Amino acid sequence: HNYYNLDIVMARPFNVYGKGASNKLFSGRLYNQIEQYIKGEITKIKLGNLDNRRDYISIDYASQQFIVVMNYGKTGEIYNIGSGFPIKTKDLLKIILKSYGLNLNIVESSINKELFDPKVIYADVSKIKKLRGKNVKTN
């Protein structure tokens, strides 16, 4: 932006969940394993730490926020796309499992002590809130 004077606005999404999410993301791995479990290919869903807290947003919500940034974002600015509130990964897991009629008894979780896993990560959404407040109505 600065060097070439380009009209660039950046949106930085936090933890997106929904069908079709990348398997590199927690939710993508989860949806993939749920499908495998339903097909009888696996007997347990195996996940990592479920006690951490993250700023999870649905793919639909993220898409809406990308449109706000594209339409109203200021050149050279970076906007965090998130809820601004962390929830336990385990709580998101329960919501997703419930949508399939499943419960936690099919899940095994373990913590890899060698990996750095911050307890809480969430977005500062103050800049995008200002964009929404000035330019569009929110739900």
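Key figures
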{"item": "Rounded accessible area of residue 99 (nearest 10 Å², 1.4 Å probe)", "result": "90"}
{"item": "Accessible area of region 29-127 belonging to carbon and sulfur atoms, whole % at 1.4 Å probe", "result": "51"}
{"item": "Region 66-118: C-alpha gyration tensor shape, a/c 1.5 cut-off, then a/b vs b/c", "result": "oblate"}
{"item": "Computed helical MRE - 222 nm, the chain, DSSP H runs ≥ 4 contributing -39500 (n - 2.57), nearest 500", "result": "-10500 deg cm²/dmol"}
{"item": "Degrees between helix 26-38 axis and first principal axis of the chain (Cα, 0 to 90, nearest 10)", "result": "40"}
{"item": "Ellipsoid equivalent to region 17-73 - semi-axes via the Cα gyration tensor, in Å", "result": "29, 14, 7"}
{"item": "The chain, dipole about Cα centre (Lys/Arg Cβ +1, Asp/Glu Cβ -1), debye to the nearest 20", "result": "340"}
{"item": "Gaussian network model of the chain, Cα within-10 Å springs - most flexible of 106, 128, 57", "result": "106"}
{"item": "Nearest-20 debye value, region 54-122 charge dipole, Cβ charges on Lys, Arg, Asp, Glu", "result": "180"}
{"item": "Most to least accessible of 94, 19 (protein chains only, probe 1.4 Å)", "result": "19, 94"}
{"item": "Count of Lys pairs (Cα-Cα under 13 Å; at least 8 positions apart or interchain) in region 57-139", "result": "7"}
{"item": "The chain - Debye-derived log10 I(q)/I(0), Cα point model, q = 0.12, 0.15, 0.20 Å⁻¹", "result": "-0.58, -0.82, -1.16"}
{"item": "Charge sum, other residues only, whose C-beta stays under 14 Å from residue 42's C-beta, Lys/Arg counted +1 and Asp/Glu -1", "result": "+1"}
{"item": "Charge dipole (the chain, unit charges on Cβ, about Cα centre) - positive-most of 111, 45, 89", "result": "89"}
{"item": "Accessible area (Å², per residue) of the chain, counting only protein heavy atoms and a probe of 1.4 Å", "result": "68"}
{"item": "For residue 90, solvent-accessible area (1.4 Å; no DNA, RNA or ligand), Å²", "result": "70"}
{"item": "Acute angle (nearest 10 degrees) that the helix 59-72 long axis makes with the longest principal axis of the chain, alpha-carbon atoms", "result": "10"}
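The values are calculated or read from the model by the stated rules, or taken from the named source; none is laboratory data. Every value quoted in this text rests on a predicted model; they were computed, and no experiment measured them. Ideal geometry is used to build each Cβ from the backbone, glycine not excepted, and the neighbour counts take in all protein chains shown. The accessibility values were calculated without ligands, DNA or RNA, using every heavy atom of the protein model including side chains. Shrake-Rupley method; radii C 1.70, N 1.55, O 1.52, S 1.80 Å.
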